[in-house]
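Heads up: the structure comes next, in C-alpha cells.
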Amino acid sequence: MDSHANQHSNASSKYFIISSDTRNDLKSTSPILIHKSIISIAGEVKSIKKLNNGNILIEVLNSKQAENLMKLENIGPIKVTVSPHHTLNHSKGVISESEFQRDLEDLLECLQTQNVIAVKRITIKRNGQIFPTKHLILTFNNPVLPKNVKIAYINCPVKPYIPDPIRCFKCQKFGHTTTACRGNKEICARCSLPDHNSQTCKSTTQKCYNCSSDHPSYSRSCPRNKLEKEIQTIKITKKSHFKKLVK
C-alpha cells in the first residue's frame, strides 16, 4: 500500500491505539495528562479508554480528528505511537448469490471501490468432502457494514457475518482456543471423559461436556452452542464487542 492510500485508510479509521515505546509507561500515567494531550492535538474525541495492558483506545468523531491524532508523538515525557486498531476498524458481512460461484478472483477487484479488502467463500463438509457454497464473506475497511454492495449489475444485500463460537479442542469449553487453554487434562469431545480425544474414543455413548446431553461437544444443536451463537450475534449486531474489549 502506498503512503497516499495509507493516509486515506488512517483517515477513514474510527478506532486508534496509543501505545508507549517503553512497556507499561502509560499504565501509571495520569488520566488528566492523557486527556489533555489528546484534546490539545485532536479536540474532544468520542471516547478514551485505558486498556489492561496500559494502551489507550480512542474512538474519534471524524476523519479530521483521526488525521490530527496520528500526529501525537508525546504524552508528557512519554514517547508514544498512534496506529489504527487492527480489528475494530473493519467489519464482516455475508452476501449470498449463486451467480458468482466461479468468480472469486474477479470479485475482490469489483468490490475494492466499495471498501472491500478481502473475499472468502464459505464451505461445508459432507462425508469428509469439502463443498463450496453460494455464501461469501466480505471484509470491509470500515467499522460500519453497508446494507448492500453492487457487483456488475447485481445489487447484493449484505448481512452481518456471525462467526461460529470459539470452542477449545482440548478442554471443550467455549471462549478460548487450544493455544490459550489453561486446563491440565485433555477432554474427549465425544464422551467428555479425560485423557483421550474423539479420534481414539472407544465409548459406546456420547456426552456433551458443556450441557451433559447425549451428543458430542461439537454438535451444532447443543443448547450451549446455540446460546454462544446468540451472544456472538448480539455482540456483532449491537456493537457490544467494543464495550467488552475495554472492560
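Here are a few things to note about the model shown:
- Residue satisfying condition, being surrounded by 16 or more Cβ atoms within 10 Å (Cβ to Cβ), farther than 30 Å from F100 by Cα and touching a residue at least 40 places away in the same chain (Cβ under 8 Å), within set R190, R167: R167
- All conditions but one from (1) open to solvent by less than 70 Å² (accessible area, probe 1.4 Å); (2) assigned to a loop (DSSP other than H, G, I, E, B); (3) among the basic types (K, R) apply to K185; the one that does not is (1).
- Residue in the stretch 223-230 that is in contact (Cβ under 8 Å) with a residue 12 or more places away in the chain and closer than 25 Å to H86 by Cβ present: yes
- Considered as a group, the residues in the stretch 1-55 that are acidic (D, E) and out of contact with any Leu (no Cβ under 9 Å at 6 or more places or on another chain) include one that is modelled with the lowest pLDDT, and that residue is D2.
- Residues in the stretch 129-147 that are free of Cβ contacts under 8 Å to residues at least 40 places away in the same chain and surrounded by 13 or more Cβ atoms within 10 Å (Cβ to Cβ): P132, K134.
- Qualifying residue in the stretch 168-187 (condition: within 30 Å of K14 (Cβ to Cβ) and of a type in the set (A, V, I, L, M, F, W, C)): yes
- Count of residues meeting criterion [more than 14 Å from P165 (Cβ to Cβ), open to solvent by 40 Å² or more (accessible area, probe 1.4 Å) and touching a Lys or Arg at 6+ places or on another chain (Cβ under 8 Å)] in the stretch 210-219: 2
Residue by residue, here is whether (1) in the same structural domain as T29 (by the TED database); (2) open to solvent by less than 60 Å² (accessible area, probe 1.4 Å) holds:
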position	(1), (2)
A42	yes, yes
K50	yes, no
L57	yes, yes
S63	yes, no
E73	yes, no
R102	no, no
V116	no, yes
R121	no, yes
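- Within the stretch 104-114, restricting attention to residues that are at pLDDT 90 or above and crowded, with 16+ Cβ neighbours inside 10 Å, the residue that is farthest from L88 (Cα to Cα) is L111.
- Looking across the stretch 37-63, just one residue is in contact (Cβ under 8 Å) with a residue 40 or more places away in the chain and either part of a helix (DSSP H, G or I) or more than 27 Å from the chain's Cα centre (by Cα) (or both), and that is S63.
- Qualifying residue in the stretch 175-191 (condition: under 17 Å from the mean Cα position of the chain (by Cα) and under 26 Å from Q114 (Cα atoms)): no
Every residue, every condition in (1) assigned by the TED database to the domain that holds K120; (2) among the charged types (D, E, K, R); (3) in contact with a Phe, Trp or Tyr (Cβ under 9 Å, 6 or more places away or on another chain), yes or no:
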| site | (1), (2), (3) |
| --- | --- |
| H135 | yes, no, no |
| V144 | yes, no, no |
| N155 | yes, no, no |
| K170 | no, yes, no |
| H176 | no, no, no |
| K207 | no, yes, no |
| K229 | no, yes, no |
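- If you go through the stretch 36-60 and keep only what is out of contact with any Phe, Trp or Tyr (no Cβ under 7 Å at 6 or more places or on another chain), acidic (D, E) and under 12 Å from Y15 (Cβ atoms), you end up with nothing.
- Any hit, the stretch 83-97, residues being within 17 Å of the chain's Cα centre (by Cα) and among the aliphatic types (A, V, I, L, M): yes
- Counted residues, the stretch 170-182 - those being open to solvent by less than 50 Å² (accessible area, probe 1.4 Å) and not in a loop (DSSP other than H, G, I, E, B): 1
The values are calculated or read from the model by the stated rules, or taken from the named source; none is laboratory data. Predicted model, so just to flag it, every value in this text is computed and none were measured. We place every Cβ from the backbone using ideal geometry, glycine too, and count neighbours over all the protein chains shown. In case anyone asks, the SASA skips ligands and DNA or RNA and just uses the protein heavy atoms, side chains included. Shrake-Rupley method; radii C 1.70, N 1.55, O 1.52, S 1.80 Å.
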